[in-house]
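Every number in this text was worked out from the coordinates using simple rules, so none of it is lab data. Everything quoted here is computed from the prediction, not taken from an experiment. Positions of Cβ are backbone-derived with ideal geometry, glycine not excepted, and every protein chain shown enters the neighbour counts.
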Amino acid sequence: QRVPLFKQFADMVNDIGIKSLTSHIGFIPDDPTDPVYVGFVEVMKDLANHLGANGQYLCFETGQELPSTLKRTILDVGTGNLFVNLDPANLILYGKAYPLDAVEIFGEYVRGMHAKDGLWPNREAGLGLEKPLGEGEANFPVLLPLLKSKGFRGPITLEREIHGPQQTEDIKKAMAFLEPYLELGDE
């Protein structure tokens with residue numbers, strides 16, 4: 001049901017020149033023999049081919065699946081226009097991977113990143129806790145140079161999922177926190 005709607009949306013934004021789409025795709029099964037995984041790959045081939053005809057590409061936002069599952073899915077679909085939007089905090093919040101390890105697995109596919117931080121879930125929580133940038137486990141001082149070494153040149157979007165004046169303050173602090181790491185030069 002969602003595929004025709006996604007294609008319609010993609011066509012609409014293509015008409016105004018938008019080539020990069022990003023979405024949480026859902027929970028991709030880790031087992032490549034799972035019938036849900038097999039069906040998902042076929043549906044994604046259809047969608048990715050539609051996007052490819054428009055000259056568009058899709059970035060899977062990280063979080064709900066293991067980095068190895070995400071990379072395998074991109075390779076199994078095999079259309080050449082599927083990539084990753086790295087949300088380091090989501091990897092931590094969902095308890096799926098340490099962001100540095102994820103970048104080692106799929107770093108060459110990262111086309112965008114959400115600058116967001118978080119803490120791992122504890123035994124009582126199904127989801128970890130989002131924190132202001134630099135106060136969680138994402139390790140941006142190491143993560144950003146590692147991403148660059150993998151060829152990352154995409155946008156970094158500040159994300160803080162709270163509301164009100166504290167959100168504004170946290171975003172301002174995040175900008176100041178990231179600034180020294182964005183001037184990485186060409187080493």
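Values as computed for the structure displayed
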{"read-out": "Dipole magnitude (debye, nearest 20) for segment 1-108, charges at Cβ of Lys, Arg, Asp, Glu", "value": "240"}
{"read-out": "Listed residues 51, 102, 66: farthest to the positive end of the dipole of segment 1-104 (Cβ charges)", "value": "51"}
{"read-out": "Taking segment 1-83 and dividing mean pair separation by its residue count, relative contact order in percent (alpha carbons under 8 Å, at least six apart)", "value": "36"}
{"read-out": "Alpha-carbon radius of gyration plus Dmax, which is the widest Cα pair, for segment 77-150 in Å", "value": "12.7, 40"}
{"read-out": "Relative contact order (%) - criterion: Cα under 8 Å, at least six apart; region: the chain", "value": "16"}
{"read-out": "Amide H contacts under 5 Å for residue 118, placed H, 5+ residues apart", "value": "131, 136, 137, 138"}
{"read-out": "Kyte-Doolittle mean at least -0.5, axial Cα span of 20 Å or more - DSSP H helices of the chain", "value": "35-53"}
{"read-out": "Given charges at Cβ of Lys, Arg, Asp, Glu: the chain dipole, positive-most of 92, 38, 139", "value": "38"}
{"read-out": "Dipole moment magnitude, nearest 20 debye, the chain about Cα centre, only Lys, Arg, Asp, Glu C-beta charged", "value": "300"}
{"read-out": "Rg to Rh, two decimals, where segment 1-74 supplies the alpha carbon set and Rh follows Kirkwood", "value": "0.98"}
{"read-out": "Structure-based [θ]222 nm, the chain - -39500 (n - 2.57) summed over DSSP H runs of at least 4, per residue, nearest 500", "value": "-14000 deg cm²/dmol"}
{"read-out": "Proximal charge balance of residue 171 [Cβ under 14 Å; K/R count +1, D/E count -1]", "value": "-3"}
{"read-out": "Sparse-neighbourhood loop sites, GluC sites (Glu not before Pro) in segment 124-184 - DSSP loop, at most 13 other Cβ within 10 angstrom", "value": "124, 161, 183"}
{"read-out": "Counting DSSP beta bridges with both ends in segment 24-156, the antiparallel % (nearest 5)", "value": "25"}
{"read-out": "Inter-label distance for residue 43 and residue 27, nm, one decimal - labels placed 7 Å from Cα along Cα-to-Cβ", "value": "1.4"}
{"read-out": "Largest-first ellipsoid semi-axes for the chain, taking √(5λ) over the Cα gyration tensor eigenvalues, angstrom", "value": "28, 20, 17"}
